[in-house]
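Data first, discussion second: the structure below is written as C-alpha cells.
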Amino acid sequence: MAGMASVHREIVIDADPQHVWSAVRAVGEEHRLFAGVVVGSHRDGDHRVVTFASGAVVRELIVTLDDDRRRLVYTVVESPFDAVHHQASLEVAPAGDGRARCVWITDVVPDELAAPLGAVMDMGVEALRRTLTAPGGAAPAA
C-alpha cells in the first residue's frame, strides 16, 4: 500500500488577517489570489474548478469554509494526477503586529506526489504573499 505524505507550508503575510481570510474564502477567485500560478477558477455549487498556468485543470470539493476559525478545507475529486487521496486545508491566524499567518497543509496518497505538490505550493505561497501585500491586494469580488 502506498504511503500518505503531508506537505506543510507556513508563511507570515504583512496584511490584516481578516483581509487575508476574506480573499482566501472567496472560492472561485483563486486566479486573483494565486495570480501567475492559477490562470482561471470558478465555483460550481459545492465545488471549484481551478486551471493552473501549466494547463492542468483540477476539480475540488469544498469540505469546510469556517469563518470563525478562518479555515478552508478542500479535497481534489478530479485531476490529471494519479492521487488516490488529496485533501488540503488553509488556515489564517493573527501573527501579531497586524500580520497574518497562513498554514497550508496538503495530505496526499501516494507519497511520491509530495515533491511535485510541494513545488506547486511553494509557488502558491509566494503568489499569495505577493498578491496580498500589493496595494489593494486581492480584495474579494463584490
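The values are calculated or read from the model by the stated rules, or taken from the named source; none is laboratory data. A quick note: this is a predicted structure, and the numbers were derived from the prediction, not measured. Because the Cβ atoms are built from the backbone with ideal geometry, glycine has one as well, and the counts that use them run over all protein chains shown. The area values use the complete protein model at the heavy-atom level, side chains included, leaving out ligands, DNA and RNA. Shrake-Rupley method; radii C 1.70, N 1.55, O 1.52, S 1.80 Å.
Within the range 84-101, the set of residues being more than 10 Å from V20 (Cβ to Cβ) and of a type in the set (V, I, T) comprises V84 only.
Checking each residue in the range 70-96 for being in a loop (DSSP other than H, G, I, E, B) and either modelled with pLDDT of 95 or more or touching a strand residue (DSSP E or B) at 6+ places or on another chain (Cβ under 7 Å) (or both) picks out R70, S79, A83, V84.
Within the range 7-25, how many residues are open to solvent by 70 Å² or more (accessible area, probe 1.4 Å) and either of a type outside the set (D, E, K, R) or without any contact (Cβ under 8 Å) to a residue 60 or more places away in the chain (or both)?
Kept after step one, since they are open to solvent by 70 Å² or more (accessible area, probe 1.4 Å), are these residues of the range 7-25: 8, 10, 14, 16, 18, 25.
Okay, now just the ones that are also either of a type outside the set (D, E, K, R) or without any contact (Cβ under 8 Å) to a residue 60 or more places away in the chain (or both), so 8, 18.
The number of residues fulfilling the criteria is 2.
Working only within the range 38-55, note down all residues that are among the aliphatic types (A, V, I, L, M) and either at pLDDT below 95 or open to solvent by 60 Å² or more (accessible area, probe 1.4 Å) (or both). If the condition is that a residue be among the aliphatic types (A, V, I, L, M) and either at pLDDT below 95 or open to solvent by 60 Å² or more (accessible area, probe 1.4 Å) (or both), then V39, A53 are the ones that fit.
The condition of being without any contact (Cβ under 8 Å) to a residue 24 or more places away in the chain and of a type outside the set (D, E) holds for G40.
For every residue, the table says whether it meets (1) in a loop (DSSP other than H, G, I, E, B); (2) among the hydroxyl-bearing types (S, T, Y).
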position	(1), (2)
R9	no, no
Q18	no, no
A23	no, no
G28	yes, no
H31	no, no
S41	no, yes
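Take the conditions without any contact (Cβ under 8 Å) to a residue 24 or more places away in the chain and loosely packed, with under 13 Cβ neighbours inside 10 Å and apply them to A134. Does it pass? Yes; evaluated as a whole, the condition is true for this residue.
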